[in-house]
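Student: Please read through the structure below; I'll follow up with questions.
The values are calculated or read from the model by the stated rules, or taken from the named source; none is laboratory data. Because the structure is a prediction, the values reported are computed rather than measured. Here Cβ is always computed from backbone atoms with ideal geometry, including for glycine, and neighbour counts include all displayed protein chains. SASA here: full protein model, heavy atoms, side chains in, ligands and nucleic acids out. Shrake-Rupley method; radii C 1.70, N 1.55, O 1.52, S 1.80 Å.
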Amino acid sequence: LSYYDTEEAYLFALADVMKEEYQAITDAGFLLQIDAPDAAMGRHAQFWNRSLDAFRRSLEMRVEALNHALSDIPEEQIRYHICWGNYEGPHTHDVPLKDIVDLTLKVKAGAYSVEASNPRHAHEWQVWEEVRLPEGKILIPGVIDSTTNFVEHPELVAQRIVQYAKLVGPENVIAGTDCGFGTSAGIPKVHPTVMWAKFRGLAEGANLASQHLWGGQRASHVCTK
């Protein structure tokens, strides 16, 4: 903030610049995915010594700035991804999804991608028992983990998909990964052969879920980021 007087001024100046980038991406016919680890990981990475209210105030300002940048783009072309950090660690200081889900859903997006396989957050499907997914929106729960070399069984993947489908409606769920498998340079956390085995398990699990939910008449959507 050596140049800008306030964080808000900086964020909205950045939003003005990114607005052009985002518009160029969607004008080219692509889906735009906003990766926002600050929306969740920011709590323990940046606001670890401050109150939850202080973190939420900062996040709300960031959401307002992001919505400014996205204002001219149709919601159906936007996906919003939050995560608690794509690393294998304790995650004992992660902010619970229930404490930020309302701000997440304020982002102008057609689909929301959240971690759902990370053992610290796998229980948070329960949040959607109390929180209503807005009409016309899509939820993309991560049904395979992106930080370990365990290969999820297709039956487990199917169970996770069905669990969410029962809460928000099968037509509103796309099966995804917790995060990307190549989010940093260097040696990958997951060996490529294992990564592709995980993807096969994701596809097979989505087919099993489709059979359960639709009688095999249509395939579950799959998002691999």
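Student: If you scan segment 50-88, which residues turn out to be polar (S, T, N, Q) and either modelled with pLDDT under 95 or in contact with a helix residue (DSSP H, G or I) (Cβ under 6 Å, 6 or more places away or on another chain) (or both)?
Tutor: Across segment 50-88, the qualifying residues are Gln77, Asn86.
Each row is one residue, and each column tells you yes or no for (1) under 20 Å from His91 (Cα atoms); (2) open to solvent by 10 Å² or more (accessible area, probe 1.4 Å); (3) not small (Gly, Ala, Ser).
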site	(1), (2), (3)
Ala109	no, no, no
Tyr112	no, no, yes
Lys137	no, yes, yes
His153	no, yes, yes
Leu156	no, yes, yes
Val162	no, yes, yes
Glu171	no, yes, yes
Ile187	no, yes, yes
Ala197	no, yes, no
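Residues checked against (1) open to solvent by less than 60 Å² (accessible area, probe 1.4 Å); (2) touching a residue at least 12 places away in the same chain (Cβ under 8 Å); (3) within 21 Å of Ala116 (Cα to Cα):
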position	(1), (2), (3)
Thr26	yes, yes, no
Ile34	yes, yes, yes
Gly42	yes, yes, yes
Phe55	yes, yes, no
Leu66	yes, yes, no
Glu76	no, yes, no
Trp84	yes, yes, yes
His91	yes, yes, yes
Leu103	yes, yes, yes
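Student: Which one is modelled with the lowest pLDDT among residues in segment 138-190 that are of a type in the set (Phe, Trp, Tyr) and in a loop (DSSP other than H, G, I, E, B)?
Tutor: Here the answer is Phe181.
Student: Another question, if that's okay. Which residue out of Phe30, Phe12 is among the aromatic types (Phe, Trp, Tyr) and either within 21 Å of the chain's Cα centre (by Cα) or open to solvent by 70 Å² or more (accessible area, probe 1.4 Å) (or both)?
Tutor: That would be Phe30, the only listed residue that is among the aromatic types (Phe, Trp, Tyr) and either within 21 Å of the chain's Cα centre (by Cα) or open to solvent by 70 Å² or more (accessible area, probe 1.4 Å) (or both).
Student: Out of Leu156, Leu139, which single residue is hydrophobic (A, V, I, L, M, F, W, C) and closer than 19 Å to Trp196 by Cα? Give the steps one after another, and end with the answer.
Tutor: Numbers: Leu139 fails: closer than 19 Å to Trp196 by Cα.
On inspection, the qualifying residue turns out to be Leu156.
Student: Next up: If you go through segment 211-224 one residue at a time, do you hit one that is modelled with pLDDT of 85 or more, farther than 14 Å from Thr147 by Cα, among the hydrophobic types (A, V, I, L, M, F, W, C) and in a helix (DSSP H, G or I)?
Tutor: yes
Student: Let me ask something additional. Testing Tyr3 on (1) farther than 19 Å from Gly142 by Cα; (2) open to solvent by less than 70 Å² (accessible area, probe 1.4 Å); (3) free of Cβ contacts under 8 Å to residues at least 24 places away in the same chain, one condition comes back false. Which one is that?
Tutor: (2)
Student: I've got another one for you. Testing Arg200 on (1) charged (D, E, K, R); (2) more than 23 Å from Leu32 (Cα to Cα); (3) not in a helix (DSSP H, G or I), one condition comes back false. Which one is that?
Tutor: Failed condition: (3).
Student: Next up: Just to confirm my filter: which strands (runs of 3 or more DSSP E) fall fully inside segment 26-136 and include at least 1 residues that are of a type in the set (Ser, Thr, Tyr) and out of contact with any Lys or Arg (no Cβ under 8 Å at 6 or more places or on another chain)?
Tutor: 78-81
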